[in-house]
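K.L.:
Got a structure for you, questions after.
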Amino acid sequence: MELLPRSPGEFGSARYWDRFFRQRGQRPFEWYGAFPELCPVLHKYVRPRDKVLVVGCGNSELSEQMYDVGMCEDIVNIDISDAVIRQMQERSGSTRPKMSYLLMDMLQMDFPDAHFQVVLDKGTLDALLTDEEEATLAKVDQMFAEISRVLQVGGRYLCVSLAQAHVLKKAVEYFSQEGWVVRVHQVASSGDKQQFVLPVFVYVMTKFRKIPGSAAQILEICPEEQDKPMRMESAERLVAAVKDRQHYALLCSQISKPPCREQVSLDLCDKESGKPRYTLHVVDSPSVKPSRDNHFAIFIIPQGRETEWLFGTEEGRRQLAASAGFGRLLTVALHREQHYEGMAGIQAELSGKVMELAPPGLPARQQVPFLSVGGDIGVRVVRHSDSSPLSGEFVVEDVKGDGSCYFRRLIFLRNRNVVQSEARLLAPTPLPGQKKRRKDKKKPSPAEPPGAIDKSYLCCEHHKAMVAGLCLLGGPDALPGELAVLVVGLGGGSLPLFVHDYFSQARVAVVEIDPSMLEVATHWFGFSQGDRMQVHVSDGLDYVAKLAAEAPAQFDAIMFDVDSKDLTVGMSCPPPAFVEKPFLQKVKTVLKPEGVFVLNLVCRDARLKESVLATLRDTFPLLYARRIEGEVNEILFCQPSPGGRRDPAELGTRARALEGALRRPGRPWDSSYVLADVLQAVHLL
């Protein structure tokens, strides 16, 4: 039996609806929104003595159910289908004497002005507004004008809808411009299997007299989990808020059939500010054999550790879920702009929402565990926040790592999941107000000393590999003598500081395009300039080009650790211009014949990466690579002379000799940093 129209326009045809209801017979047809789900919202806006008009009633049971539960009895139902009106008169005429069914077109109603307190529409607007053609929009305007005419001032137009963007936008813009109060309710699901995946909404348009010259609009949304409406500043923002809830419903539907092959993520936002408060990832482990106690768990990632491989990558989260031994693990990352009242507070705040993401088959009243590292939510204190025209917004923060170590990090907020620079603190720095409530915290003074930075410790694995690349330099001595090193990209300054401090005769020139980064490195990361360390605030491209023209072959080592400001390119380090052949030729010109060019390459685009490697091979006769485990970084060692080729055994010997020379008495050395181990994974391209 074919009940669907041949074209959307037939939804406005009386002939189509006559045929529809004759073929369907006496069975009630509900587009969406069962009465038990709609009842809590209807009770707020329909009073027992109200005179109610239902437009496009069809053979829905909604009016009958409202009548039978005593919500309201003075209900007038209209429809353009003669077949359904006769059917409904027969069904309710004798049992519901105060309710009537009339054959009438809602676009041309016969009722007097201000005749009703409530107009109720369940799916009629959705059926009429099937497109945005001029003729369709004209009909909708006519519908709205008629509803406005028959409603009293203070009356409510209640529209049950799936809230397609163009439908919601049209309704909100029309009635808000007329001076009505617009409120959108999300209907709470009953938990039964729904015909539609998308949630149902009720638009509540309350009629007010239009004040000439007034542009004030009252736009609100009531999410299903709260009664208090949230004020929206514009129709666009209201439509976007509804869209967010529709996406969430689709996400819940997507993960309702585990195992979910792809990790699903979403942000839960603060109700007051609208800013992200929690970032959730749903991770299923098909290999875990289900039992009563291992269906579902929530893992709270300690503050400041969300960038670590285990928590910040898909592969890491998959490993975490498997080791935790749960069929579904929900990881929760905490945002630096938010304040949290400990693990118990987070658990109380999330308990209701996270259960919507639980896998099907979870036993009733099953206690779902909240897990974390060490049982707490970690420590994060923002020491400094600022912005620059080049780097955008950034923060310097102290976080507690695994165990008792504290780290200072530089984060660019345009890419907040990447640690730009990191340094270990020699001892836990007293964290202002750590045990106090947020309002009692003392804001660090800009003049406050940055604390004791452990300059002997290279936090970043790619920095360790870059330093180890100095073993490729020629010469019989394990520790090179006077070295001239050029570092492009300062960040927090850890890399040039390490080279300066441990290679006692090295002269280090640093090029940094952003003067704000020099201030950050100096004030917060213990960086300083001197006779052997000079920073040049300049574009690295211009600086190298000038050197190539004026003073070629002057550096033993050139290191590029510079990020790209363009996030649309599949290569975040370095910017594409730094690996174009004309510029690489200039780098080669500035490098001594026996020198080494070290490049930190972070490229997720496989084709782009292969192109970069081909250009490097075409420019430098010798090219070595070192992958950083668990990261996208790959360190490339490029040499201009083919005679400098070394086999792995020779590299290991030189690395051990160099490390022995660097480990001088009275100078601390990170025991986990073994140069030979770093170089063991180097391979020739």
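K.L.:
Could you give the size of the charge dipole of the range 258-363 about its Cα centre, using +1 on the Cβ of each K and R and -1 on the Cβ of each D and E, expressed in debye and rounded to the nearest 20? Mind dumping the intermediate values first?
P.N.:
Numbers: 12 positive and 14 negative charges, 56 e Å.
Roughly 260 debye for the range 258-363.
K.L.:
Another question, then. Run the dipole for the range 40-143 about the Cα centre, Lys and Arg Cβ at +1, Asp and Glu Cβ at -1, nothing else charged, and hand back the magnitude in debye, nearest 20.
P.N.:
Numbers: 10 positive and 19 negative charges, 139 e Å.
My answer is approximately 660 debye.
K.L.:
Order of 509-519, 243-253 by packing, highest average Cβ count within 10 Å first?
P.N.:
Numbers: 509-519: 19.8, 243-253: 15.7.
Averaged packing, sorted descending, gives the order 509-519, 243-253.
K.L.:
Looking at the chain, what % of its DSSP beta bridges pair antiparallel, to the nearest 5?
P.N.:
On the way: 65 of 115 bridges.
Antiparallel: roughly 55 percent of the beta bridges in the chain.
K.L.:
Take the alpha-carbon centre of the range 593-663, take the same for the range 258-283, and report the distance between them in whole Å.
P.N.:
Here the two parts' Cα centres lie 39 Å apart.
K.L.:
Sequence gap at least 6, Cα distance under 8 Å: using those rules, report the relative contact order of the range 258-363 to the nearest whole percent. If you can, show how the numbers build up before the last one.
P.N.:
Values: 157 pairs, mean separation 32.6, N = 106.
Rounded, it is 31 percent for the range 258-363.
K.L.:
Now for a separate question. Once label points are set 7 Å from the Cα along Cα→Cβ at both R86 and F208, what is their separation, rounded to one decimal in nm?
P.N.:
Here the modelled spin labels are 4.7 nm apart.
K.L.:
Obtain the nm distance between the two label points defined at Q164 and S641 by a simple spin-label model: each point lies 7 Å from its Cα along the Cα-to-C-beta direction.
P.N.:
Distance between the two pseudo-spin positions: 7.2 nm.
K.L.:
Can you tell me which of 328-341, 380-393, 493-506 comes out highest on packing, and rank the rest after it, using the mean Cβ neighbours within 10 Å? Before the final figure, lay out the partial values.
P.N.:
Numbers: 328-341: 19.3, 380-393: 15.4, 493-506: 22.0.
Result, highest mean first: 493-506, 328-341, 380-393.
K.L.:
Another one. Whole number in Å², please: accessible area per residue of the range 103-216, 1.4 Å probe, ligands, DNA and RNA not counted.
P.N.:
Details: 5100 Å² over 114 residues.
Accessible area per residue: 45 Å².
K.L.:
Could you tell me whether the range 496-596 comes out rounded, prolate or oblate from its Cα gyration tensor? Rule is a ≥ b ≥ c as square roots of the eigenvalues, rounded for a/c under 1.5, then prolate if a/b exceeds b/c, otherwise oblate.
P.N.:
Values: a/c = 1.87, a/b = 1.09, b/c = 1.71.
Judged from the Cα gyration tensor, the range 496-596 comes out oblate (a/c at least 1.5, b/c at or above a/b).
K.L.:
Can I ask one more? Could you work out the relative contact order of the range 461-684, using alpha carbon pairs under 8 angstrom and six or more residues apart, expressed as a whole percent? List each step's numbers first, then the result.
P.N.:
On the way: 411 pairs, mean separation 48.5, N = 224.
It rounds to 22 percent for the range 461-684.
K.L.:
How much length is gained on full extension from E315 to K565, taking 0.36 nm per residue of separation minus their Cα-Cα distance?
P.N.:
On the way: separation 250, 0.36 × 250 = 90.00 nm, distance 2.62 nm.
Answer, rounded to one decimal: 87.4 nm.
K.L.:
Between the range 120-159 and the range 547-587, what's the alpha-carbon centroid distance in Å?
P.N.:
61
K.L.:
Enumerate the residues in the range 534-560 having an amide nitrogen under 18 Å from the point lying 7 Å beyond the Cα of S388 toward its Cβ.
P.N.:
Only 534-544, 560 pass the distance filter.
K.L.:
Oh, and also: Could you let me know the centre-to-centre spacing of the range 517-536 and the range 397-420, using Cα atoms, in angstrom?
P.N.:
Taking the Cα centre of the range 397-420 as reference, the centre of the range 517-536 is 20 Å away.
K.L.:
Relative to the longest principal axis of the chain, what angle (0 to 90°, nearest 10) does the C-alpha long axis of helix 134-150 take?
P.N.:
Approximately 60 degrees, to the nearest 10.
K.L.:
What angle, in degrees between 0 and 90 and rounded to the nearest 10, separates the Cα long axis of helix 581-590 from the longest principal axis of the Cα atoms of the chain?
P.N.:
Once rounded, the angle reads 30 degrees.
K.L.:
May I pose another question? Of the accessible area of the chain, with the probe set at 1.4 angstrom, what percent is carbon plus sulfur? Working shown, then result.
P.N.:
Working: 16190 of 31950 Å².
Carbon and sulfur atoms account for 51 percent of the accessible area of the chain.
K.L.:
Against the longest alpha carbon principal axis of the chain, how many degrees, from 0 to 90 and to the nearest 10, is the axis of helix 342-354 turned?
P.N.:
The helix 342-354 is inclined about 50 degrees to the chain.
The values are calculated or read from the model by the stated rules, or taken from the named source; none is laboratory data. Quick caveat, the model's predicted, so the values are computed rather than measured. For neighbour counting, all protein chains shown are included, and Cβ atoms are generated from backbone atoms with ideal geometry for every residue, glycine included. Note: accessible area is taken over every heavy atom of the protein model, side chains too, but ligands, DNA and RNA are not part of it. Shrake-Rupley method; radii C 1.70, N 1.55, O 1.52, S 1.80 Å.
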